[in-house]
């Protein structure tokens, strides 16, 4: 089992099958462009857990907030549907926590859709707590 950052176009495209299960609205044609744009403009990193094929994927970035300081935000975290409950998501999550420590972050955060109740149970089991409500408005 190997966890690494997808840096080449081929590595990034190799994550599409798994990440599209979380983000089905992003077409395969647009996927590479979007990831490269996020990487170059926002510091986004795409981590992949490879165990004889990509089993889990996480997109994250490091940022800073006035009230809490430097943090790592998980934007995407998904385990392939046929491999859920096999420990892959937990291993990738733990790897991300280590990355946050290496980067000097005070916190790891994520926003999760209200409909993703199984994911919420996973995050709570990993020690995360509800800290805020997330609001948005389309403009």
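The values are calculated or read from the model by the stated rules, or taken from the named source; none is laboratory data. Values in this document were obtained by computation on a predicted structure and should not be read as measured data. All Cβ positions, even for glycine, are placed from backbone atoms using ideal geometry, and neighbour counts span all protein chains on display.
Do we find that residue 35 is within 15 Å of the chain's Cα centre (by Cα), surrounded by 12 or more Cβ atoms within 10 Å (Cβ to Cβ), touching a residue at least 40 places away in the same chain (Cβ under 8 Å) and under 26 Å from residue 17 (Cβ atoms) in this structure? So residue 35 fails the test. The test for being surrounded by 15 or more Cβ atoms within 10 Å (Cβ to Cβ), touching a strand residue (DSSP E or B) at 6+ places or on another chain (Cβ under 7 Å), in a strand (DSSP E or B) and touching a residue at least 60 places away in the same chain (Cβ under 8 Å) does not hold for residue 74. Only residues that are buried (at least 18 other Cβ atoms within 10 Å of the Cβ) and not in a helix (DSSP H, G or I): list them for the stretch 38-47, please. Selection gives 44, 45, 46, 47. Selection of the stretch 53-71 for residues being surrounded by fewer than 16 Cβ atoms within 10 Å (Cβ to Cβ), in contact with a strand residue (DSSP E or B) (Cβ under 7 Å, 6 or more places away or on another chain) and assigned to a strand (DSSP E or B) yields 61, 63, 64, 65, 70.
Among residues of the stretch 92-122 being over 18 Å from residue 61 (Cα atoms) and in a helix (DSSP H, G or I), the one that is modelled with the highest pLDDT is 121. For the stretch 11-24, the criterion of being free of Cβ contacts under 8 Å to residues at least 40 places away in the same chain and under 17 Å from residue 111 (Cα atoms) is satisfied by no residue at all.
Of all residues in the stretch 120-139, those that are free of Cβ contacts under 8 Å to residues at least 40 places away in the same chain have Cβ atoms under 7 Å from Cβ atoms of residues that are part of a loop (DSSP other than H, G, I, E, B), 6 or more apart or on another chain, in 120/112; 123/112; 134/111.
May I ask you to verify whether residue 50 is crowded, with 16+ Cβ neighbours inside 10 Å, within 10 Å of the chain's Cα centre (by Cα), touching a residue at least 24 places away in the same chain (Cβ under 8 Å) and under 19 Å from residue 7 (Cβ atoms)? So residue 50 does not fit the description; no.
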